[in-house]
Each structure stands twice: as C-alpha cells, then as structure tokens.
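To keep things clear, I will list the structure first and then write my remarks on it.
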Amino acid sequence: MTEPFLSVRNLKTWFNSSRGPVHAVDGVSFDIRKGETFALLGESGCGKSMTALSVMQLLPSQAVGNVSGEVLLEGQDLLTLSEVAMRDVRGNRIAMIFQEPMTSLNPVLTIGDQIEEVLRRHRGLRGEQAYNKALELLDAVGIPERKQRYGEYPHQLSGGMKQRVMIAMALAGEPDLLIADEPTTALDVTIQAQILELLQALQRDSDMAILLITHDLGVVSGMVDHVAVMYAGYIVEKAARQQFFDNPSHPYSKKLFASLPNIKKRGHKLAVIEGSVPSLAQTFRACRFVERCDYAWQTCRDREPRWFEFERGHGARCHLVDTELPPHERVRPVAKAETSSALKSDLGAPRTLMTVEDLVVHFPIHKGLFKRIHGYVRAVDGVSLELFRGRTVALVGESGCGKTTAGKALLQLIQPTAGKVRYGDVELTQLSRQAIKSHRGELQIIFQDPYSSMNPRMMVGDIIEEGMAAQKVGASSEERRQRVEALLRQVGLPPESRYRYPHEFSGGQRQRICIARALAVSPKMIVCDEPTSALDVSVQAQILNLLKGLQDQLGLTYLFITHNMSVVEYLAHNVAVMYLGRIVEQGSVRDIMENPKHPYTQALLSAVPTIETSSRREIIQLEGDLPSPINPPQGCHFHPRCAHAMPECRENYPLAKILSQTHQVRCFLYK
Amino acid sequence: MEFKFVILWTDALVFLLVGIVTGFTVYVSRKEHLRAPWRHVARSRMGMAALVILAAYLVVGLLDSVHYRPALETSGEQEKVRYSAEVLSVFDLIATPFRERQEKTYSAPFATHLYAKETIEFPDGSTRRDFPRLEYGGAHLDDPHQDRFADIVLTSVAGIVQGVVIWAALITLTAYLLARRQKSEVKTVVKRIAKGETDIPWHVMLVTAGLLIVLTVLAINLGLKYHLLGTDKVGQDVLYQALKSIRTGLVIGTLTTLIMLPFATILGIMAGFFHGWVDDVIQYIYTTLSSIPGVLLIAAAVLVLQVYVETHPEMFDTIAHRADMRLLFLCIILGITSWTGLCRLLRGETLKLREVEYIQAATAFGVSNAKMLGRHILPNVMHIVLIAVVLDFSGLVLAEAVLAYVGVGVDPSMNSWGNMINAARLEIAREPIVWWSVTAAFIFMFTLVLSANLFSDAVRDAFDPRLRQQ
C-alpha cells in the first residue's frame, strides 16, 4: 500500500461561545491516498465542513487558533505552517470547491479573469500562455464555446456551468487534492450527474485525490472509494465503499439507510432517528448517539465507545462491534421492535377533487423607458392535471421548469394568465379576490424553506391561529386555543410550543409547525412545495411519515412538488413530469417509475444516484442545461437535448398520446 | 411662591414622546424576541457608556422642559395675581445662581476682571481706564492676582472629594440593588463588577457615571465662585447657556423624527406592499420632495412663519411662546424634508418582504391587507426604523447648528448651540478674540453627537441582521 497523501490525525477544532467551547470537530482521523476519493458523510451540523476548513486553515474568526492534532500533507504538518506558507498550499496543492456556485464567483469579473488569477498566482503564467491555459481548463471541464465563455460574466452562466467554472479554477493550480464541499447539492439531478461524471473523469486523468463532503448516500455510492460517517464532531464509521454498503455497522449508518424513502418502503412507515444531534458544547462521557440509538444498553451510557477495527479497513465507534469488550459489558440487546406498521393502502375508486385545464402563467417582461411589454417568461405553458381525493400527485422536474409557479397558480396565489382550475363546482380563476377568500381554507400550501415561511416575530401559537382567525374557524378564542394545542400534538410537538418563537425550533420542527398551520383551517388539499428538500434525510423521513399519516387520517389530497425521485416513489400515487412549463408525461407511479416513455423522464430517472450498487443503471447524460422559458425552442421543447430527436421534433410540439388508462406522454416516438 | 404652569407645544410633544418610549419599553420587555437585541446592546461597553452620557443630557433636557411663569410680587392686595412675562423652567430654578449672576459683558473663564476696559472711578475721585473687577466672578477674593490660583485648586479638590463621595454612594446603591435582585451578597457583587464579570458592563457604566458626577460637582463648586466658561457679550454665564442649549438640541433631534416617522413608515410600507398606482404616487411625491434643496425649503418656511408671528402678536403670550413656535415649525419642516430617505429604504425592504413565504402563507389563508401590513410587514421592518432614528438623531443636532449659522435656525432669543456658534462669528473676528463661547458649544455638542453615534453603532450592531454574529 502506498503512503497516504493526506493524513489527518486526531484533528480537533473548537469555537469559544458564551456557553463554553463548542467542539465542532472532535478527534477526527483519516487518510487519503493519491487517486482516491474519500467521502465524509453526515447530516448538517455534524462537523464535516468544519473538518475541511480546518485542513485548509480557512476557519471562521471565532475558531482561529483553536485547532489541535496533525494534518500531514506528504509528511508536512499544515497546522504548523504560517499563513504565508499556507497560501502556497491552498490552490496549489489543495484546492476547494464550494456548495453554492452562485456566490463563489465574483460577479464583476469575467470568468476568464478569475481563472487567470489563479494561474498567475500559482503557476506564474501570464499573457498568451495564461489565456491558452485558461481555455484548456474550460475545455477540460466541458464548457462549450469556450472562447466566448472566457469573456462572459458569472451571471450569464447557469448553475451547472458556474460549478464547472469553479472546478476549472480549482484545477488551475494543478492540485493534488481537491476538497469538494457538497459540490452538487444546489444542482439538479441531471446536472449533478454531469458534475460527478466530470469529477471522476478528471480524477482518472490526473491521479488527483478527492475529499468529497456530502450528505447524500446516493452520491457516495456512485463515486467514492472510502467512506467515513461523521456524527456529532467525530467519525463513527469508516470503511471501503463495498464494505460500507454491504454491511453498515454503526447504528447511525444503519438508520441513515433505513430512513431513505424508496419504492420498496411504500405503504410502510419510514425508519426515523428520534431526537436531534446533541449540543457540542459539552464534554461527552457516554456514546454521543446513545439517546437516539435503538440498541443502547448500560455500557453505552457509562463509557464512550473506542475506535474498533473489526475487519481490515472497516472500523466503527460502537460497543456493538467491539469484540474485545469485557464479557459482562457485552449484553447484546435486541433492537427495539421497529413498528413497521403498514399504512392504509386501498383507496377505492378515485374521486376527482380538482381539475386543471391548460393552465398558463406568463410573466411579462417590461423593457425600455415606457416599460413596454417586450416578451413573456412562459413559466407555465398549458398544464392539465387531475387531482383525486385522498391521493397524492407528484409534480416532478428540474428547477426552473415552472412546477412551483404551477402550484401557486393553482391556489390563485399567482394570477394565472389563462386556463381553468375547477375545484368541486367552483371555477377558481373566475372568482373575485373577496370571493376566493372563503375557499382559501380548503386549499393550503406548505413551503420549501421552513425558515422563511414563518414570521420570526410571532409566537407559534399566533402563527397557527392566524389562519383560523382569518377563516373564522372556531367560535371563541378559547376554542381556537384548544385547537392549536390539539394540532401541535397531532404533528408531534408539545402544546407548550405555542408560547415559543420559530427560531427556537430546528428545521424539521419548523416544518411540522408549518404543517400544523396548514391543517388549522381543515384543508381538503395541500400543495407541498418541496417540503423536505431543505431537511436532512432522517428528518425528511419524519416529515414524510407525518404527511402520509395525515393523509390516511384526514383524507387529504396532496400536490407534491419535488425533484427528489425517491420521495416520489415512496409517497405519490400519480406522477406528472414537467419540462419547461409543460407536462411531458404523466401516469401512475408504477407507469412512470417502471416504464418511463419520454426520453426526458428516462434521463431524469437514470440520473438519480442509487445506493444499490449491484444494479448499476446506465446514466443517460443530458447535454447542456434547461433552455430559457423566455425563448423556448421551436417544436418539442426537449429536442435540443434529446438523443432521439427527429426532424419533426423541430417543427411541432407533440400532442398527448394515451398509452393506457392512466399513462400518457407527449413525444413523437409514440404514435 | 405662586406660579402658573406653562405647557409649550414642544413640551407637550416631548412628554408625548417620553410616553411613547416608555410604552414601547414596557412592550419590548414582555416579548422575548424583541428583548434579545436590546440585551445585545446592553452588553456593549461603548454603547452603555454612551447611554450614561445621553441619560445625563436627557435629564437636563427634561428638567428644562417643565415650564412655569412665577407670580410677580403684587403691590396692592385687591389686584389679581400677575405673572411674570418670563417663562422659566425647573432647570432654570435649579440653576438660579448661574442664571442671575450676570456681568456687564465678556469675561474669560475663571476671570476676576472684565474682558473690556472701562473708566473706573476710584474712591478718591480719580479715574483710570482699566479692566474692572467682575461683579460675581471671583468677587470673594481680596487680592485676585495672588489668591486666585490657590482658591481654584482648593475648591477643585473639595469638589473632587465631594464628587467621589457621591460616586461611592452610587456604587454602593447599585451593588445593593443588584445583590438584592440576584440574591447574592453585596461584597461578591462589588467584586464581580470590579472584575468586569457581569453580563451588563456595570464597571464601564459606573466609571462613566463617576466621571460625570465628579465633573458636575466640580462645575457646581467652581461655578458658584467663578464663571467656569466665561461670560458672553451681555455678561451671561456661558456654561448656563450651553446647558440650556441641550434642550433645543434634543428637541430638534427627537421631535423631528417623531414627525417624520408616520410619513416614512406608512408611505414606505404601502408603496412596497401595494405596488401599482399607490407605489407610483408615493414614489412621485418623495422623488419630487427630495429634489427640492432642503435648505431652500426650510428657509422659505421659517421666513413665512416669522412674518406670520410678527403680524399676529396677539396669539403669543410671551417671547418664549414665539420662540417655541419657531422651534416646532423648524422640527416640522426638517421632518418633512427628511422622511424620504427612510421611506425609500422601507419601500425596498417591503418589496423584498412581500415575496417572502410567510407573506404568501398569510395570503393563502385569506388574511386581510391591513392585518398583513400590521402583523407581518411592520414588525419586520421595525429594526430599520430604529436604526434610522438613532442614526438621524446626531445628524439633526448638527443640522440645527448649520441652520442657525445660515440664519434660519431657532429664534435668536432661544439658547442653542447654533446661536452660540453664530454669535462666535463676530467674537472670533474681534481682537483680542473671545474663544470660550464657541469652545463651550463645541464641547457640549461634540459630546452629545459622539455618544449618540456610539450608541447608534451599538444599536445597529444588535439589530442589523447582516452584521449580527451567529
């Protein structure tokens, strides 16, 4: 075995806060070899980004100087280097790319300038040489029309392109190690597949090591060699990929797998990890996971487990795997009986709740002195849907395809330009602003970001009560108070929560409050606008369980807007796939998942990273990005990216082809 | 002694403002999320030191805002009680010795002689042109040239000792009250304060307060014997004038805001929230208004008022009433010219807020527009209003000085730093120059504006979400 290129030994980083030191990274050790991809996996707040920043010595001001341990880069300890010496390491030997490509590039410099800056600093290239090298790099990261792109500014590029530019900048110094901090989290699945593929290709060519930080098990299974799972500031399990996916050993890793939604778990509750990550402002005596562990026994509470390697290259920090534990402490417990209560699955014949016909939302673009209308953003361009009582329709698509706008237009939160929304025997688009207020209670929405969807200056009780007051639910304030408490209990929060403010709750808890708020007015239908995409997997599982349970209990109808296919598989009854303002394919969840017909649906499904390493699907790479909805392509909107494009695709938009009772598609392949 | 309360317009508004601030404080102290940023302010050392100084200014200003007219001594018994034409304030009453000890004309700080030569008649009948002795300043000295220095030092020492004693009493009282609230011993509390271990920087506050107390006691001790900051052209004590100017400065700084706030918040929020023609109209108004040069508008308004006051003398009982009317008018016109900036800020913030999801959630519940503005928008732009108010304060105090210099400031009969500086225009031009008036105005104004700025920095740090550390 070769010597490790980067070797982190017992790294500790802490902050000074008013409540004493917070140990954000608490004794992390790992090795990365050349040409290897190493993943740090964990939920938000477990210290993975902090570990990367400690390696780079890019710590926030509160943590500067509070680092101990060793970070050996080919035998040299980076922690002892001065800031000046460190600058030669950064960019040159270790480079980093960040999660948010939108904010990592300077908006007032052209991308060429930004790449050349790195070339000047680390490679001493100037003028013609630098220009040529920059073009070479843009080519390497797969940017088309590189000469033109060279002179463009970041706002002229799409998110995926920006991330490619970031990678080009990182590569400019020809680093030996690339730290990628959630490089694809902000991107769509199809773009994510492109970027991951690019990283792998670059690694093959240059023998570069990659430290990948992610929370996505799917990404890990796709491209890494070694995995380390982080929890509460330290590594709880470390293994080669195959070992990890075949046999996750730490209860936390097991839970992560179990809480992923997929089609096999349909109709069952998802496993959840109860509780939350413990505060890192304390000294731990017991195992850090003990409060949330199904296997915990007395020893777990008495002693912190040590690192134990039970097979070559596979270790964990858990008493369960420690075979050298004194016998009296090895009381192997049985896991708490998992209540995998099957959820109600037979629904009877579908009854229509709402019919949407040719819904159109165009936003005018004003230009010039007199603000004349210059064109339209065709956000939603003729969407027809049918929602059934007590069922879930998933609206799927990449960001920017108009799915959120469609959801809001359906509720008349955005005035539709044309089309019909029939709810029961009411035509919603025809109602006046006043008249629609009486129907508001029946149609509710849950937003993506639980942080911005509640007024930070109102108490939780008031937030939930607001809708009731507006819809005149509950006769007296006493009656409403009782209802608020009942609702809080229903979504799994203590009734005392009503006297607290939103900022005192975690993301998952906030999303529960948002659900309670929507339920307060007894809605018939809820538009769920990516309600779990801002949450960690284990919390996502809690919210999905809650939504599913409520649907069974109250017979709610959901329009579930999402880009997450595994959630769709788990939750939806019907699926509609949207591309550039139009629905290209719709059908029952089985139709779409098992038998996708439209080339876009096929590509979308293939791009979703899966954790089943055995059944590797061939990823259908989509060329380029989503076109602009201001100027959609002629004919079929998808034809510029479609592998099966035919001449007639450029001419006309295909009509809906009914394949079966539930399944229809708009593509010329099926006539 | 009989007297009659006089409530000037600005007095009423000042006390209304005090009421509003008190009400707001009570409201804030009951709401945890509103209290949190203030707690952050309370932990800032600089902010709390500045607050102590501001509080001292405020006390003087408020004492100077309770006005009355003393009864004149009646000659006959049947006659009705008649009141003096002079309107005094509680502060005047306290500072009577300063107010009444008027010299003939200029005299330097700590001087015992006038600053201008006069023909002095000696008891033997001979006359000589020389600097005559002051009537009050250093009048107790027999040989001013010899005794003055020793007397000043002795009085200062006595003053400092007294000041320190009062300070010690204040420390004990604070420690006692804190100990009672925290249910610990006085001794430990004193120790913790001395080491700066308390959450609120009591040690900084107490040191600032100590300095202020010592200075005040010193000024009283010396001021009763000398003119600490000299006298002006008509022989009035400059220290007294500078202290009287505090009220003018505070009134301009605060009442202007009170007048402008309703305009700025209501119009700003409406413009941002309703879009469409409401937005167009409001934008049109403030763009037009902010295109008119401010000084021009103020000068025109003040001149119009002046003419009005002069042609309607029967409407104003006393000179103080006239001066007060002018002050109020100045506040109003300053308010009208200065709301546009805040209005623009609030419009922008509201535009941003109305796209936020909790506003959309409220729309999805069918909440009415008025409730949406009151419950969702207004509380969430309040921090901007607060920051703007404290930042504007010092600017307005300075603006008063500039306006007085241009000649459109407060009434010349009213004490203000602007008028003092305006008068200094001639004083500095004469030979030998009179420097103490302008210096006094400078020191008092500088201290107020500096502490206001430091305090507003602390407030901004606490309230501005972009500056807030995690």
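Give, as residue ranges, the helices (runs of 4 or more DSSP H) completely inside the range A:21-135 that count at least 2 residues that are among the hydrophobic types (A, V, I, L, M, F, W, C).
Filter on the range A:21-135 gives A:48-56, A:83-89, A:111-118.
Among the residues in the range A:574-591, are any without any contact (Cβ under 8 Å) to a residue 40 or more places away in the chain and in a helix (DSSP H, G or I)?
Looking for residues that are without any contact (Cβ under 8 Å) to a residue 40 or more places away in the chain and in a helix (DSSP H, G or I), one finds at least one in the range A:574-591, hence yes.
Tell me, yes or no, whether the range A:508-517 has at least one residue that is farther than 24 Å from residue A:394 by Cβ, away from chain B (no Cβ under 14 Å) and more than 28 Å from the chain's Cα centre (by Cα).
no
Residue A:171: out of contact with any Phe, Trp or Tyr (no Cβ under 9 Å at 6 or more places or on another chain) and surrounded by fewer than 23 Cβ atoms within 10 Å (Cβ to Cβ), yes or no?
Values: out of contact with any Phe, Trp or Tyr (no Cβ under 9 Å at 6 or more places or on another chain): yes; surrounded by fewer than 23 Cβ atoms within 10 Å (Cβ to Cβ): yes.
Yes; evaluated as a whole, the condition is true for this residue.
Residues B:426, B:450: which one is under 30 Å from residue B:37 (Cβ atoms), more than 14 Å from every other protein chain (Cβ to nearest Cβ), aliphatic (A, V, I, L, M) and exposed (fewer than 15 other Cβ atoms within 10 Å of the Cβ)?
B:450
Farther than 30 Å from residue B:30 by Cα, more than 9 Å from chain B (Cβ to nearest Cβ) and touching an Asp or Glu at 6+ places or on another chain (Cβ under 6 Å), is that true of residue A:429?
no
Check A:37, A:80, A:51, A:103 and return the single one that is among the β-branched types (Val, Ile, Thr) and touching a helix residue (DSSP H, G or I) at 6+ places or on another chain (Cβ under 9 Å).
Going through A:37, A:80, A:51, A:103 in turn, the sole match is A:37.
Do the conditions hold for residue A:54, that is, is it surrounded by 21 or more Cβ atoms within 10 Å (Cβ to Cβ), at pLDDT 85 or above and at negative phi?
Against the criterion (surrounded by 21 or more Cβ atoms within 10 Å (Cβ to Cβ), at pLDDT 85 or above and at negative phi), residue A:54 qualifies.
Which members of the range A:467-483 meet the condition of being in a helix (DSSP H, G or I), within 14 Å of chain B (Cβ to nearest Cβ) and either out of contact with any helix residue (DSSP H, G or I) (no Cβ under 9 Å at 6 or more places or on another chain) or not polar (S, T, N, Q) (or both)?
A:467, A:468, A:469, A:470, A:480
Residue pairs, Cβ under 8 Å, 6 or more apart or interchain, first in the range A:487-500 and within 16 Å of residue A:522 (Cα to Cα), second of a type in the set (D, E, K, R). List them.
Note: pairs meeting the criteria are A:488/A:498; A:491/A:512.
Which of the residues spanning the range A:599-627 are modelled with pLDDT of 80 or more and in a loop (DSSP other than H, G, I, E, B)?
Matches in the range A:599-627: A:608, A:627.
Could you pull out the residue among B:296, B:215, B:250 that is farther than 30 Å from residue B:354 by Cβ, free of Cβ contacts under 8 Å to residues at least 40 places away in the same chain and not charged (D, E, K, R)?
B:296
Answer yes or no: is there a residue in the range A:93-110 that is at pLDDT 85 or above, surrounded by fewer than 16 Cβ atoms within 10 Å (Cβ to Cβ) and over 23 Å from residue A:185 (Cβ atoms).
At the first step, the residues of the range A:93-110 found to be at pLDDT 85 or above are A:93-97, A:105-110.
Okay, now just the ones that are also surrounded by fewer than 16 Cβ atoms within 10 Å (Cβ to Cβ), so A:106-109.
Filter once more, keeping what is over 23 Å from residue A:185 (Cβ atoms): A:108-109.
So far as the range A:93-110 goes, yes, one or more of its residues are at pLDDT 85 or above, surrounded by fewer than 16 Cβ atoms within 10 Å (Cβ to Cβ) and over 23 Å from residue A:185 (Cβ atoms).
Going residue by residue through the range A:60-71, is there one that turns out to be surrounded by 14 or more Cβ atoms within 10 Å (Cβ to Cβ), closer than 30 Å to residue A:533 by Cβ and among the acidic types (Asp, Glu)?
no
Quick check on my filter: what residues within the range B:345-376 are surrounded by fewer than 20 Cβ atoms within 10 Å (Cβ to Cβ), basic (Lys, Arg) and either farther than 30 Å from residue A:525 by Cα or facing chain A (nearest Cβ under 10 Å) (or both)?
B:371, B:375, listed by residue number.
So residue A:407 ticks every box in (1) more than 14 Å from chain B (Cβ to nearest Cβ); (2) closer than 30 Å to residue A:588 by Cα; (3) not in a loop (DSSP other than H, G, I, E, B) but one. Which box is left unticked?
(1)
Those residues that are in a helix (DSSP H, G or I) and modelled with pLDDT under 90, I need them from the range B:454-470; list them, please.
Result: B:456, B:457, B:458, B:459, B:460, B:461, B:462, B:463.
Can you tell me which residues in the range B:343-393 are free of Cβ contacts under 8 Å to residues at least 40 places away in the same chain, touching a Phe, Trp or Tyr at 6+ places or on another chain (Cβ under 8 Å) and either among the polar types (S, T, N, Q) or not in a helix (DSSP H, G or I) (or both)?
B:360
Pairs needed: first member in the range A:138-153, more than 13 Å from residue A:113 (Cα to Cα); second member anywhere, of a type in the set (Val, Ile, Thr); C-beta distance under 6 Å; at least 6 residues apart or different chains.
A:141/A:167
Looking only at residues in the range A:518-532 that are outside any helix (DSSP H, G or I) and more than 24 Å from the chain's Cα centre (by Cα), which one is nearest to the other protein chains (Cβ to nearest Cβ)? It would help to see each step written out before you state the result.
Restricting attention to the range A:518-532, the residues satisfying the condition of being outside any helix (DSSP H, G or I) are A:520-532.
Next cut, more than 24 Å from the chain's Cα centre (by Cα) only: A:520-525.
Details: A:520: 9, A:521: 7, A:522: 12, A:523: 10, A:524: 14, A:525: 12 Å.
Here the residue is A:521.
Please give the helices (runs of 4 or more DSSP H) falling wholly within the range B:216-319 in which 1 or more residues are over 30 Å from residue B:362 (Cβ atoms) and among the β-branched types (Val, Ile, Thr). It would help to see each step written out before you state the result.
Working: elements: B:238-262, B:268-274, B:276-291, B:294-311.
Here the list reads B:238-262, B:276-291, B:294-311.
Does residue A:248 count as crowded, with 18+ Cβ neighbours inside 10 Å, assigned to a loop (DSSP other than H, G, I, E, B), within 22 Å of the chain's Cα centre (by Cα) and not aliphatic (A, V, I, L, M)?
The answer is no for residue A:248.
Of all residues in the range A:443-466 being of a type in the set (D, E, K, R) and surrounded by 17 or more Cβ atoms within 10 Å (Cβ to Cβ), which is nearest to the other protein chains (Cβ to nearest Cβ)? Don't jump to the end; show me each part of the working.
Within the range A:443-466, the first condition is being of a type in the set (D, E, K, R), and the residues that meet it are A:449, A:457, A:462, A:465-466.
Now restrict to residues that are surrounded by 17 or more Cβ atoms within 10 Å (Cβ to Cβ): A:449, A:457, A:465-466.
Details: A:449: 6, A:457: 4, A:465: 10, A:466: 6 Å.
Among those that are of a type in the set (D, E, K, R) and surrounded by 17 or more Cβ atoms within 10 Å (Cβ to Cβ), it is A:457.
Please work out which one of (1) under 30 Å from residue B:32 (Cβ atoms); (2) facing another protein chain (nearest Cβ under 8 Å); (3) free of Cβ contacts under 8 Å to residues at least 40 places away in the same chain is the condition residue A:438 fails and give its number.
(1)
Could you tell me which numbered condition residue A:434 fails, if it satisfies all but one of (1) at pLDDT 85 or above; (2) over 20 Å from residue A:526 (Cβ atoms); (3) in a helix (DSSP H, G or I)?
For residue A:434, the exception is condition (1).
Here are A:504, A:496, A:530: which of them is out of contact with any Gly (no Cβ under 8 Å at 6 or more places or on another chain), closer than 19 Å to residue A:570 by Cβ and surrounded by fewer than 23 Cβ atoms within 10 Å (Cβ to Cβ)?
On inspection, the qualifying residue turns out to be A:530.
Determine the pairs where a residue that is on the phi > 0 side of the Ramachandran plot, located within the range A:619-641, has a partner that is assigned to a loop (DSSP other than H, G, I, E, B) with Cβ atoms under 6 Å apart, the partner being 6 or more residues away or on another chain.
Taking only residues 6 or more apart or on different chains, the pairs are A:635/A:651; A:635/A:652.
Do we have residue A:561 as buried (at least 24 other Cβ atoms within 10 Å of the Cβ), free of Cβ contacts under 8 Å to residues at least 40 places away in the same chain and within 19 Å of the chain's Cα centre (by Cα) here?
Values: buried (at least 24 other Cβ atoms within 10 Å of the Cβ): yes; free of Cβ contacts under 8 Å to residues at least 40 places away in the same chain: no; within 19 Å of the chain's Cα centre (by Cα): yes.
Against the criterion (buried (at least 24 other Cβ atoms within 10 Å of the Cβ), free of Cβ contacts under 8 Å to residues at least 40 places away in the same chain and within 19 Å of the chain's Cα centre (by Cα)), residue A:561 does not qualify.
The values are calculated or read from the model by the stated rules, or taken from the named source; none is laboratory data. Please read these numbers as outputs of a predicted model, since none were measured by experiment. So basically every Cβ, Gly included, is an ideal-geometry build from the backbone, and we count neighbours across all protein chains shown.
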